[in-house]
Every structure is written in structure tokens, then in C-alpha cells.
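Below is one structure, written out as C-alpha cells, with a few remarks after it.
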Amino acid sequence: MAAAGAQEKLDAWEKERAEAATALQEAAIERDRLNVDLAEARTSSAKHEAGEAELQLKFDEAQSGLEAANAALAETSKKLEESSREARETALEFRSYKEHNSSSKEEQLRAIAELKVSVDRLSTDLDEKSNMVVEQKEVLDTSSAYVSALEEKLRHAEKGRRDLHNTIQ
């Protein structure tokens, strides 16, 4: 009888050992699955960080392009103001010449022709400068829109990075 009781205990322990071994195998499988998930999350996080770095670089490039466009626009505006001032001065000189010169008709006509050429040249320069200002403004607007888009992408990438970081934690 004692042998039967010992056999029952031995069978019960063997059953418990088998159940524990099965549970241990299941835990190891779950651990391996979680390690794979963690590795995938780390890989995804690294990709997002690389994308974020690339976006930051593009943002910095666009920002410096915007600064250069602003500088060029300021310079062009200054040149346009100078050209406008020169055109007004030339027109004033022409009126003064016309009113106060007592030269012969032929000399006056020659001077008028020279002044007309000068005014025409200045008008052309002014038109060119105006077109340059408009073009620079368009470049500035385009650059500003591009910078805004890059900032939005950067914010989105940062949010994704934070979400992945929180998931890993």
C-alpha cells in the first residue's frame, strides 16, 4: 500500500513537472515574441529618428534659403529705391533745363533727346528692378510655404517618435 501511495505521489510530481515544463516553454516563446516586437519597435524608432534628422536638415537648408532670399529682396528693394530716386532727379533736371536754358533751339532739342534717352533707360531699369522684386517675393513666398511644410513634417515625425518611444517604454 505504501508503494502505491508513493507511486501516486511520484505520478503527481511527474505531472506537475510536465505542466511546469510546458508553462516554461510557453513563457520562453512569449519572451521571444516580445523580444522580436521590441527589436521591431527599436528599428522603427531608429528609422523615425533618421527621418527626423533628414527633415531637420531640409528645414535648416530651407531656412538658410529663406534668409538668403530675404537678403536678396532687401538688396533689390534698395536698388529699386535708388533707381526711382535717380529717375526723379533726372526728370527734375530736365524740367529745370527746359525752363532755364536760353540756348538755341538746336542745342535744346539735342539736350531734350539726350534726356529722353536717359529717362527711357531709367524707366527700363525701374521696370526690370520691379520685376526682380516681384520674382524675389514669389521665391520668398514659395520658400516660406516650403519651410512651413517641413515644420509640419518635423512636428509629425517628432510625434511619431514620441509615440514609438512611449510604446517601447
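No value in this document is a laboratory result; all are computed from the given coordinates. Note that the structure is a prediction, hence the values are computed from the model and not measured. Here the Cβ positions follow ideal geometry from the backbone for every residue, glycine too, while neighbour counts run over all protein chains shown.
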Problem set entry | Filter result for Val147 (of a type outside the set (Asp, Glu), touching a residue at least 12 places away in the same chain (Cβ under 8 Å) and part of a helix (DSSP H, G or I)) | yes
For this session: Pull up region 12-36, narrow it to residues that are within 25 Å of Ile168 (Cα to Cα) and of a type in the set (D, E, K, R), then point me to the one that is nearest to the chain's Cα centre (by Cα).
Result: Arg33
For this session: Look at Glu93 and say whether it is under 30 Å from Lys116 (Cα atoms) and in a helix (DSSP H, G or I).
Result: yes
For this session: Would you check if Ala111 is touching a Ser or Thr at 6+ places or on another chain (Cβ under 8 Å), touching a residue at least 60 places away in the same chain (Cβ under 8 Å), hydrophobic (A, V, I, L, M, F, W, C) and surrounded by 10 or more Cβ atoms within 10 Å (Cβ to Cβ)?
Result: no
Exercise. Can you tell me which residues in region 1-35 are loosely packed, with under 10 Cβ neighbours inside 10 Å and aliphatic (A, V, I, L, M)?
Worked result: Met1, Ala2, Ala3, Ala4
For this session: Determine which member of the set Lys58, Lys79, Lys47 is closer than 20 Å to Leu126 by Cα and charged (D, E, K, R).
Result: Lys79
